[in-house]
Each structure stands twice: as C-alpha cells, then as structure tokens.
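Undergrad: Before we start, here is the structure in question, set down as structure tokens.
Laboratory data are not the source of any read-out in this text; all were calculated from the coordinates shown. Here the structure is a predicted model, which means the values were calculated and not measured. All Cβ positions, even for glycine, are placed from backbone atoms using ideal geometry, and neighbour counts span all protein chains on display.
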Amino acid sequence: MKLTLKIWRQAGPDAKGAMVDYPIDGISEDMSFLEMLDVLNDKLIREGQDPVAFDHDCREGICGMCSLYINGRPHGPERHITTCQLHMRKFKDGDTIYVEPWRSAAFPVIKDLAVDRGAFDRIQAAGGFVSVNTMGNLVDANALPVPKAHSDKAFDAAACIGCGACVAACPNGSAMLFVSAKVSQYALLPQGRPEAKERALNMVEQMDAEGFGNCTNIGACSIECPKDISLENIARLNREYLVAEMTKES
Amino acid sequence: MSIPDSKVPEGPIEKKWTLHKEHLRLVNPANKRRIDVIVVGTGLAGASAAASLAEMGYNVKSFCFQDSARRAHSIAAQGGINAAKNYPNDGDSVYRLFYDTLKGGDYRAREANTWRLAEVSANIIDQCVAQGVPFARDYGGLLDNRSFGGAQVSRTFYARGQTGQQLLLGAYSALMRQVGKGKVKMYDRHEMLDLVVVGGKARGIIARNLVTGKIERHGAHAVLLCTGGYGNVFFLSTNAMGSNVTAAWKAHKRGAFMANPCYTQIHPTCIPVSGTHQSKLTLMSESLRNDGRIWVPKKIEDAKAIQEGRKKGRDIAEEDRDYYLERRYPAFGNLVPRDVASRAAKERCDAGFGVNRTGEAVFLDFASAIERYGKVEANVHHIENPSKEKIRELGMKVVSAKYGNLFDMYENITGDNPYEHPMMIYPAVHYTMGGLWVDYNLMSSIPNMYVLGEANFSDHGANRLGASALMQGLADGYFVIPYTIADQLADDIRTGPIPTNTPEFDEAEKNVRGRIDQLMNIKGTEPVDHFHRRLGKVMWDKCGMARNDKGLREAIEEIRKIREDFWKNVRVPGKADAFNQELEKAGRVADFLELGELMCMDALHRSESCGGHFREESQTEEGEALRKDDQFAYVAAWEWKGDPGKEEMHKEILKFEALKLSQRSYK
C-alpha cells in the first residue's frame, strides 16, 4: 500500500505545531497502525530526520497508553478498539490519513503526538479507591455475596483503560465518562458503598480543577470509547453526585 | 563474593513462614516515618508494595517509565489468578497448590518460597475483593473459578479475560490513595538508570526524567526493584514494547546476582507471526485451553494442502485430525503445562504438520465446545430436538460470553473469524522465570535492595504455571515485603535521610551520563530496532524452545558481534536533554545485548532439560524433558565481573524437604 500521512509535529509543549506530509510506501495490510508508524520512523531516522513521537506500550489494547486522533476520530475509524489494534487492512491503497494528538486543554502536548494525561491520575488520587489497607486478617472473600448483575455492571465500568479517548472525542473536552466509570464501579459494589458520597464529590471536584469541560450529553465519548463504556455511567455519576451534594454534612 | 545465605527458616514446611514472621524484627510506626523506600515499577508487585509500605508509614517514592502507574504490563494478563480457596470443593489445598507449582516448575524453584506463595494465595483474593475488584461471580453472587494448565482442580479466579487489568487497577487505586495522602511521591515517565550503593547497601537510584531528559538523584534507605521480566530480549514477545531489563541489569552490574537467566517461558497460545514488520506478539489466554481443543491434521498431505491454501481446517474430517495433546497426555489433555504444550506444538510443526503458510501454527478449535454448550443451553431452555444450527447458535452465545473479547482481538489482528474457522496459534516468548537472586526475605545479594514479582527468580523454578504470575506479584507486594523489609530497616531508624551529594552518587551519575553521551555520539547508520531484531532472531533460533551445545556457542559469538556492531553503528537521533524515545530504546537494547549472552551461557552450562529449558541432548525416548538432579538441582546465580563473557557462577543447592524429586508426568 502507498499512503500519504499528514501528521501533527510539535517540538515541545510551548512550540507551535503544524501538520506535515509524509508519503509512505510498502505498507502491508497485516501491519498494525503503530507498526506502520514504526516503518515511517525507521525511514526518518535513516534519513537523518527526527522520528515522530507517539505513546504506546502493550500494543494489545489494554494498557491505554496509545492514543492518536486518526482521520478525525480517537483511535481511528473502527469501533471498540485502540489505535494499537487498528490494522492497515482497514485502509485503502492511496489513502490520505490525518494523524493528530488528543486535543484538550487538560492534556497538554509533550511532543508531536504524545500528551500528558496526568490529570487522570490526579482525579484517581482524589477518590478513585476503596479506603482499605492491606490487611493480614481479612474476612473471607465469599462472606459477602454480590449479585451477579451488579458485579457484571461494575466490571463493565471497570473495563475503562484510562486512555482519554472520551475527552478527545468530546467537543467540551469533558472527562465525565472516565470519572463516571470509576465512580460507578465502586458505587455498584457493596465494598465501595461506604464512601460513595465522598468519592463522587472529590473526584468531580478534582475533575473541575483540572480544567475539563462540562458534560452536555452529546454521547461522542461513549461512541468512541474503545472499551464501550456506557453513557449509563454518567447518569449514575450524576445521581450519586446529586445525592451526595444534597445530603452532605457541612 | 560468595552466594549469601538464602535465609530459609528452619522447621516443617507448613510452619516456616509463620515462625519466620514471628521472629523478624519490627520498626515501630513513629520510626517508619523516618525511613524512605524507593519502589521501581508499578505493576502488581510494585504497586502493591508501594501502597502497602506507605499505608504502614514508610515514605515511598514510586517510579515507572510509562505515563501512568496504571499502565504497567501486569495489566495485560488475561486468564486469572490462582488461590487455594477450595471454593469448588474439588480437593484443593495449600499443599496441592504448592505441589502443582513446584512440580510445574520442574523442581527448580526454592521449595520454601513456593510454599509461602501457596500459603498467602487465599489472602490475595480477600484483599482484592475488599478493594472492589470485580471478579467473575456465579448466579448465587459468589466467586467463580476455572481451571488452568498443570492443575486438576479449579482454583483460578478471573475477571473475564482481563484479570490482570482488574487486579492492577485495584493495586493502582491503593497506590493512588497513598499518592493523594502524600505518602507516596509518584515519578512517572522516569527510568532508573543506575543503582547507588553506599557502604555496601543500596541507598538510592539515578533516574532519567523521560520528558525533560534531566538526570536525577534519589536517595532512600532501601530500593525495591519490581521491574518485571526480560522477555523482550527476544525482540518479539508478548511483553509490552517498553518492558526491559535495564533496572535489573544495572543492579546486576552493581553486585546483584542474576539467577537462572536461561529459564524462559514460551507460551503455547499466541497468534502466529505474520510478517517481518511485526513489532510484538499477542497472547490468546490460556483459559482458551479450557474449551478449545488443539490439533493438526493426521495426514501430511492434508497439512500441505492447508499450508498451500487449498484446504481449510474445517475441511478435514474428524477422524483425520490429530488432537496430539489429548493423545500424548490423556490425564491432562489440553491442560498440560505451558512448556509441555509449546514443545508438543513445535514437534508437530517441525515434523511438517503446521497449518498456516509458514508451517508454524496449530489449530485451537472451539467447534466441540460450541456444540457441548449449545446442547446444555437447549436443555435449559426446554428446546426439544434442537437443530444443529440451533445448537450452534446457542453454543456460540455461551462461548462469546466467556471469551468474546479474545475472539474479537483475534479477528482484529488476523482478519479471520474464529467462530467460523479454528484459531491458529503458535508458541511465543511470554515470561521469564529467571531473574535477580533473592533470599527468603526477597533481598538481593546487595543488602537493602529487594526484588519482587517477575523480576526475581524464586518461586516458579524452570516453568511457571498459568495464573501464577499475578499470584506471585501480589503475594510479594502485599504479604511478603511488608514483613520482611522491617527486619533490615530496623538498623536504619537512626540513619536519617540519605544524602545525595556524596561520591557514590557522583560516580553513579557520571556513569549514567557517560553511557548516554556514548550512545548519542556514535552517530551511526542503523536505527536501534535493527540491532534488536537481529539479537531477537539469534535468541529465538538458538536459545528458544529447544537449545543445544553447538547452537548456544554460536549464539554467544553472534551476540558479541551484534553488540560490537551496535556500539559502532547505531544511530540515536535527537538530543539527550529532551523527550527522546529512540534514546530510551537504545539504552534498553544495549543492556539486552549483554543479558542475551549471559542467558546463552547459562543455557549452555545447564546441560539438562528442565521446564522451559529444553536441551536437545537431554530428553527421554518419548521426547520429554529429562532432568539431571544429581548434577543440576541448584540455582545458578551469576556475578558480574566487568564483561558479559566473564560472569562467575555461584550455586545455591536446592533442598527438597517436603517433596521428593520425581520425573514430571502429565500422562
């Protein structure tokens, strides 16, 4: 396959970026999208040019480190996969492909296509946990049955990989899908209930402090989510938040 | 230097850990606040250790090279985690888990460590459930189990095909809770590039900030390496692209012994290699072997026809299929341990029965599972005389609910629908049982440096059973290190903060800067990957699933040549004081080029077969691995002597008190 890549190049956080054209040839349809970029970088290095920086690690769709806005969509044209799982057989010979970083005020560009998603870690640190220490003498795991339906829903929410596609997809740059997935996972399990209120309040407060936008129920986040996290979680977060806000002791 | 005492406690095996814990020294809560601990790596071992130590009161600094602690490669573990809970009432116990693990490791693990692992396994499940890990449950709301290779009981807990993800996110949430409290200071996008040893004790690290390129000094009273395995020495493996040996290798060069580096696990169920562009291999969970049946054609002409694309798997009649694992190992069938399954696949493919165009693949077939589940579902739904199509439809639903994400993953990568055609799989490098030598307290041969999880050598011997890596990572981090580290740190309650303006830190930083400058200044012609691929090919061909004397000697020579070439011709673009992913890779590959040679030396000296280490010269008449216990029942711990070819081997003799050494059989 022969392709034309239009890639966002930006030397550093404060540098001005621009789209740059790279023609590329000899791409096989069995390659993953990132392997195609490996081929490009190999060529750039041999030509004495600066290779394109992009984040990636597991290359099997679970670590959440890869990103990329491909032809105007986070993780490219296919649903329910990450960029590293996207294969070149989904493109045609002669295609022009636009590759950009996540664009959000809360995710500053580090270089080229790599962005800083530290805001997600800070939201997690604000309340995305059950306050249980490592204990030498716990109750047996089966002492408290959890209805399978609840446990399954908690899992669906917990499947979030923290990649940030939801933020990139949202015209408002909102992180509600990410936050709601974590709040929902714990809200649905008896282990998470005792601090459900504080969790919802603290995570939302941190989310706002990070400069993410508000949710206006557009739904692009869920459509573009590689793990198919449902909008239902945002509804649940709103419920949890409202109850917490109205019953909070001052 | 001789090998330190392994500190395995006296007493009967089932009492060792309890008695040991009762006699370890303690550090009181007020004093813990005066002690700093560095934890490198945020996988299951690192995140659980950092969180647990911070909860106890220590000041923790946590490092990872990824952009977030949540991305460590434990996240990719699919199948499950073992624990001796005996919930299914099928006869499991601590003893049986211990027995299976030690036997599965072909009696090359340290017995007391393996017992402890089995002993604390049940606590792990309790801890994770308390954290809100959404394990699979049955309709009664209780935890579900499944079976895994090398075991005849169902003791594997799971969260669909994403158990590693859920366990890691559990540990990560505990870690982030401590970050929020200020008890852990998080350093992501940082890479450890040297260990600092002061007065014979590990007292800090030199790290590079991967965003700015700044070289930083970090002092602490103890350093924990939880840095995972070194499977990427093979270039192609199921590891993440960034997984590396660098931290462990730097520590090795500072005096930490590297134990049994040749013990590599080749996982039987991975998606076969498709071309030369390939950057990594993808695992298909071992849990698929619960329901999938592995086969190749019986007739060589059928295999040829499939290789040439004239026939498909489903064109082969039932009686013309060779379910070779069920044939060779009737007691365990498709659930033999990984090393056995991998070698059996290689044997069939070497004999010409492989089933894709490269001849290096076997079928993993779900047709009979779909039919079996379909019949059960028909009964459940009171469908009388269901048609074949109906049974298939019902069965597919069940299989999809169990393995849907894996089937989708397969289809994405190969473009083939595994519900219609049997999957094609082939073994790939997955895990390394070898690692830095540690004593029973998980302390390395450098005092105050500890090694946890895959990065150490101790629990799995020469082969790891499925669903045991998650168990070990969390056991070490949650339930071993919190006890054992105090015994050493009790000496440091009056030490005060470790200063970083000392000659030892100067020397280490100079060393790091020197190596970076060297890499930047070669200005050769070939990118880093070029050398990595060459190294990987030598390792796979000559130090992979089967090894022999001649091949290993050749490999050592070839690796030396590649290394020489690397240091003359590698091209690292960009700058050292900036975000530079090629520089990161170059440093890691430089270390792999040294480790590879040591792995071959270790494999060469061990002229027996055991677990994942198969020496062609040492096999039974039936082609099974043949151990030589009279010569090799020891841990080979290698000491750095200034050059990879000059490493000196020390032996820790393995003592077996609870189990008698016996030839492993899964027949």
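Undergrad: Kindly provide the Kirkwood hydrodynamic radius of region B:540-667 in Å, to one decimal, from all pairs of distinct alpha carbon atoms.
TA: About 17.1 Å, per the Kirkwood formula over Cα pairs.
Undergrad: Turning to a different aspect of this structure: For B:Arg203, what residues show an amide H to amide H distance below 5 Å, using hydrogens built from the backbone and excluding near sequence neighbours?
TA: B:Val196, B:Val197, B:Val198
Undergrad: What are the residues whose amide H is under 5 Å from the amide H of A:Tyr98, where those residues sit 5 or more places off or on another chain and H is modelled from the backbone?
TA: A:Lys6, A:Asn71
Undergrad: Counting only other residues whose beta carbon sits under 9 Å from that of B:Met186, what net charge do I get with K and R as +1, D and E as -1?
TA: Neighbourhood net charge equals 0.
Undergrad: Across 5 Å bins from the origin, how do the percents of Cα pairs in region B:1-151 run, short distances first?
TA: For region B:1-151, the pair-distance distribution reads 2, 7, 12, 15, 17, 19, 15, 9, 3, 1, 0, 0.
Undergrad: With N set to the number of residues, divide the alpha-carbon radius of gyration of region B:513-585 by 2.2 N^0.38 Å and report two decimals.
TA: 1.29
Undergrad: Under 18 Å from a point placed 7 Å out from the Cα of A:Met135 along the Cα-to-Cβ direction: which residues of region B:178-193 have their backbone N that close?
TA: Hits in region B:178-193 for A:Met135 at 18 Å: B:178.
Undergrad: DSSP beta bridges in region A:3-111, what fraction antiparallel, as a percent rounded to 5?
TA: 75
Undergrad: At a temperature of 10 °C and a viscosity of 1.306 mPa s, determine how fast region A:3-111 diffuses translationally according to Stokes-Einstein, using the Kirkwood radius over alpha-carbon pairs as Rh; express D in µm²/s, rounded to the nearest whole number.
TA: The estimated diffusion coefficient comes to 111 µm²/s.
Undergrad: On alpha carbon coordinates alone, what is the Rg over Rh value for the protein assembly as shown, Rh being the Kirkwood radius? Walk me through the numbers on the way to the answer.
TA: Values: Rg = 26.2 Å, Rh = 28.0 Å.
For the protein assembly as shown, the value is 0.94.
Undergrad: Per DSSP helix of 4 or more residues, -39500 (n - 2.57); summed, then divided by the residues of chain B. What does that give at 222 nm, rounded to the nearest 500?
TA: So the calculated ellipticity at 222 nm is -12000 deg cm²/dmol.
Undergrad: P(r) for region B:446-534: what percent of alpha-carbon pairs falls in each 5 Å bin, starting at zero?
TA: Cα pair-distance distribution for region B:446-534, in percent: 3, 9, 12, 12, 11, 14, 15, 14, 9, 3, 0.
Undergrad: Next question. Using the Karplus curve 6.51 cos²θ - 1.76 cosθ + 1.60 with θ = phi - 60°, work out ³J(HN,Hα) for each residue of region A:184-196 in order, rounded to whole Hz, and write x for Gly and Pro.
TA: So the J values, rounded to whole Hz, are 5, 3, 6, 5, 7, 10, x, 5, x, 5, x, 10, 4.
Undergrad: Along each principal axis of its Cα atoms, how long is chain B end to end? Whole angstroms, biggest number first, please.
TA: Rounded to whole Å, the extents work out to 80, 58, 50 Å.
Undergrad: Which of the pairs B:Lys280/B:Lys641; A:Lys227/B:Lys375; B:Lys280/B:Lys585 have their Cα atoms more than 23 Å apart in this structure? Intermediate results must be reported in sequence, preceding the final value.
TA: Values: B:Lys280/B:Lys641 33 Å; A:Lys227/B:Lys375 31 Å; B:Lys280/B:Lys585 15 Å.
Beyond 23 Å: B:Lys280/B:Lys641; A:Lys227/B:Lys375.
Undergrad: Let me ask something else. Across all directions of projection, what mean area in square nanometres is found for the Cα convex hull of region B:262-305? Write out the running numbers ahead of the final one.
TA: Values: hull surface 21.5 nm².
Mean shadow area of the hull around the Cα atoms is 5.4 nm².
Undergrad: Which whole-percent values make up P(r) of region B:268-428 when all C-alpha to C-alpha distances are grouped in 10 Å steps starting at zero?
TA: Distribution as computed: 11, 39, 36, 12, 2, 0 percent.
Undergrad: Check which residues have an amide H placed less than 5 Å from B:His650's amide H, if you skip close sequence neighbours.
TA: B:Ala637, B:Trp638, B:Glu639
Undergrad: Moving to a separate point now. Taking θ = phi - 60°, what integer Hz values does the Karplus form 6.51 cos²θ - 1.76 cosθ + 1.60 yield along region B:236-245, in sequence order, with x for Gly and Pro?
TA: Result, ordered by residue: 8, 7, 8, 5, 6, 4, x, 4, 7, 9 Hz.
Undergrad: Ok, one more. Work out how much length B:Asp565 to B:Asn379 would gain on full extension: take 0.36 nm times their residue separation and subtract the Cα-Cα distance, in nm to one decimal.
TA: This chain segment gains 60.3 nm when fully extended.
Undergrad: Dividing the convex hull volume of the alpha carbon atoms of region B:44-92 by its residue count, what do you get in Å³ per residue?
TA: Roughly 103 Å³ of hull volume per residue.
Undergrad: Give me the distance in nm between label points sitting 7 Å out from Cα along the Cα-to-Cβ direction at B:Thr620 and B:Lys299, one decimal.
TA: 3.3
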